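K.L.:
Before anything else, here's the structure in question.
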Amino acid sequence: MTDTIEKLRTELLTAVSDAAELTTLEDVRVAALGKKGRITGMMKELGAMAPEERKAAGQRLNVLKDEVAAALDAKKTAFESAALNARLASESMDVSLPVRPETKGSLHPISQTTAEIAAIFGEMGFEVADGPDIEDDFHNFTALNFPPGHPAREMHDTFFLPPDSDGQRYLLRTHTSPVQIRTMMSKKPPIRVIIPGRTYRCDYDMTHTPMFHQVELLVIDTETNMSHLRGCLQEFVRTFFGIDDLTTRFRPSFFPFTEPSAEMDIGCSRQGGELKLGNYGDWLEILGCGMVHPNVIKACGLDPDVYQGFAAGMGIERIAMLKYGIPDLRTFFESDLRWLRHYGFAALDVPSVTGGLAR
Ligand code: DAH
């Protein structure tokens, strides 16, 4: 028996090491350890042996079985890692190859314009904040000093979601102003943020789409006044449009969340039916703004006798249309590839005030 086991050992280990592929290795395993395999067969013969002999042979067979199983395992692992390496080598790609000419991605004018706005206000020390598109009545209206039943709520053509089990009726935010509330409730003044994002109103024509973008401006500090508001916004429009002497005009207006409230116009000309921005004597409305209403500051848990500040909100599509000569708002959201190719921007040209804002 000892001789037979020794011979079998040599034979099986040679077969394992000679196996050239996984399938051959599997055949070796079945032939040795399978139900009808040779080691299994010898195990069965143990029963017919004398007890002393059986004990010794049994031990040797178990050692053999473990040794062959370990050799099979090691060989299998070697095959598998060789296969993986071959696959990795065959699937490697040369990242230094030039981009395929037919894949021309570009930045949407909304993304470009948002990046330009962030670059300009970033230079002035503003951070970017954001909030959810799905809002509640408190953040979108009540905390912004829209009393319940106030007609200003109707102005917003709100999309409401079906009420939840508590009767709470969520809505799609009608402006980015609710993020003023979220920011004041979560950050300690001084606050200097811009809040770009999607907004929603139930409206659709040449100049309105149900989803559009706004950027909100919020400054909260102890000594902020209306002249800071004016200087900040004037600096912004001059840099954004690249017109150094662009004139601005502030007209009194009304928003529930600011007091006083104003609308800012920029200088333009409409001569010959062509709109041109600059110091030409005519005016174009561009944004709403004002000093944050004490009720809003109070609703956020801050003391309006200590803190004050200004806010502003403007439509991103609108200023993108003015800057880039895009005539129809609806085309922003039609995903027409020809439009995107024409109005899109090179994806890697990150706008900056010093490095340039657009191509
Ligand atoms: N939330 C206003 C709107 O959508 C825009 C606005 C006006 C925002 C004045 C402001 C502001 O922060 O001060 O019509």
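Yes or no, residue by residue, for (1) within 21 Å of Pro196 (Cβ to Cβ); (2) touching an Asp or Glu at 6+ places or on another chain (Cβ under 9 Å):
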| residue | (1), (2) |
| --- | --- |
| Glu216 | yes, no |
| Cys232 | yes, no |
| Asp244 | no, no |
| Thr247 | no, yes |
| Leu277 | no, no |
| Gly290 | yes, yes |
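K.L.:
Mind listing whichever residues of region 205-242 are farther than 23 Å from Gly356 by Cβ and basic (Lys, Arg)?
P.N.:
Arg230
K.L.:
Next question, about the same structure. Out of the strands (runs of 3 or more DSSP E) lying entirely within region 207-313, which hold 3 or more residues that are within 12 Å of the ligand (Cβ to nearest atom), open to solvent by less than 20 Å² (accessible area, probe 1.4 Å) and within 23 Å of Gln112 (Cα to Cα)? Let's see the steps before the verdict.
P.N.:
On the way: elements: 211-221, 248-255, 258-269, 282-292.
In region 207-313, the matching strands (runs of 3 or more DSSP E) lie at 211-221, 282-292.
K.L.:
Conditions: (1) surrounded by 11 or more Cβ atoms within 10 Å (Cβ to Cβ); (2) modelled with pLDDT under 85; (3) assigned to a loop (DSSP other than H, G, I, E, B). Ala152 meets all but one. Number of the miss?
P.N.:
(3)
K.L.:
Further question: Go through region 48-91 and give me each residue that's of a type outside the set (S, T, N, Q), loosely packed, with under 15 Cβ neighbours inside 10 Å and over 60 Å from the mean Cα position of the chain (by Cα).
P.N.:
If the condition is that a residue be of a type outside the set (S, T, N, Q), loosely packed, with under 15 Cβ neighbours inside 10 Å and over 60 Å from the mean Cα position of the chain (by Cα), then Ala48, Met49, Ala50, Pro51, Glu52, Glu53, Lys55, Ala56, Gly58 are the ones that fit.
K.L.:
Given the options Pro178, Pro147, name the one that is at pLDDT below 90, under 20 Å from Met291 (Cα atoms) and not β-branched (Val, Ile, Thr).
P.N.:
Working: Pro178 fails: at pLDDT below 90.
Every option except Pro147 fails the conditions.
K.L.:
Okay, next question. If you go through region 101-121 one residue at a time, do you hit one that is in contact with a strand residue (DSSP E or B) (Cβ under 8 Å, 6 or more places away or on another chain) and either closer than 30 Å to Asp303 by Cα or open to solvent by 70 Å² or more (accessible area, probe 1.4 Å) (or both)?
P.N.:
yes
K.L.:
Is there any pair with a first residue in region 307-331 that is free of Cβ contacts under 8 Å to residues at least 40 places away in the same chain and a second that is of a type outside the set (Asp, Glu) whose Cβ atoms are under 6 Å apart and which are 6 or more apart or on different chains, and what are they?
P.N.:
Every condition considered, the pairs that remain are Thr331/Trp339.
K.L.:
In the list Thr199, Thr174, which residue meets the criterion of being touching a residue at least 24 places away in the same chain (Cβ under 8 Å) and either outside any strand (DSSP E or B) or acidic (Asp, Glu) (or both)? Reasoning before the result, please.
P.N.:
On the way: Thr199 fails: either outside any strand (DSSP E or B) or acidic (Asp, Glu) (or both).
Matching residue, one of Thr199, Thr174: Thr174.
K.L.:
Right, another one. Considering only region 316-328, state which residues are open to solvent by 20 Å² or more (accessible area, probe 1.4 Å) and not in a helix (DSSP H, G or I). Give the derivation first.
P.N.:
Taking region 316-328 as the starting set, the residues that turn out to be open to solvent by 20 Å² or more (accessible area, probe 1.4 Å) are 318, 321-325, 327-328.
Passing the criteria: Gly325, Pro327, Asp328.
K.L.:
Looking at (1) touching a helix residue (DSSP H, G or I) at 6+ places or on another chain (Cβ under 9 Å); (2) within 13 Å of the ligand (Cβ to nearest atom); (3) not polar (S, T, N, Q), which one does Met185 not meet, given that it meets all the others?
P.N.:
Unmet for Met185, out of (1) touching a helix residue (DSSP H, G or I) at 6+ places or on another chain (Cβ under 9 Å); (2) within 13 Å of the ligand (Cβ to nearest atom); (3) not polar (S, T, N, Q): (2).
K.L.:
Please count how many residues of region 17-47 are open to solvent by less than 50 Å² (accessible area, probe 1.4 Å) and more than 23 Å from Ala57 (Cα to Cα).
P.N.:
Matching residues across region 17-47 total 2.
K.L.:
Residue check: is Pro351 surrounded by 12 or more Cβ atoms within 10 Å (Cβ to Cβ) and assigned by TED's automatic domain parsing to the domain that holds His139? If you could, list the steps in order and put the result at the bottom.
P.N.:
Values: surrounded by 12 or more Cβ atoms within 10 Å (Cβ to Cβ): yes; assigned by TED's automatic domain parsing to the domain that holds His139: no.
Here the answer is no, as Pro351 does not meet what is asked.
K.L.:
From the set of residues in region 156-182 that are under 13 Å from Gly131 (Cβ atoms) and basic (Lys, Arg), which is nearest to the ligand (Cβ to nearest atom)?
P.N.:
Top of the filtered list is Arg173.
K.L.:
For region 132-149, enumerate the residues that are open to solvent by less than 20 Å² (accessible area, probe 1.4 Å) and part of a loop (DSSP other than H, G, I, E, B). Let's see the steps before the verdict.
P.N.:
Filtering region 132-149 for residues open to solvent by less than 20 Å² (accessible area, probe 1.4 Å) gives 135, 140-141, 143-144, 146.
Answer for region 132-149, where residues must be open to solvent by less than 20 Å² (accessible area, probe 1.4 Å) and part of a loop (DSSP other than H, G, I, E, B): Phe141, Phe146.
The values are calculated or read from the model by the stated rules, or taken from the named source; none is laboratory data. Everything numeric here is computed off the predicted structure, so don't read it as measured data. Methodologically, a virtual Cβ is constructed for each residue, glycine included, from the backbone with ideal geometry; neighbour enumeration extends over all protein chains shown. Each accessible area value is taken on the protein alone, full model and side chains, heavy atoms only, with ligands, DNA and RNA left out. Shrake-Rupley method; radii C 1.70, N 1.55, O 1.52, S 1.80 Å.
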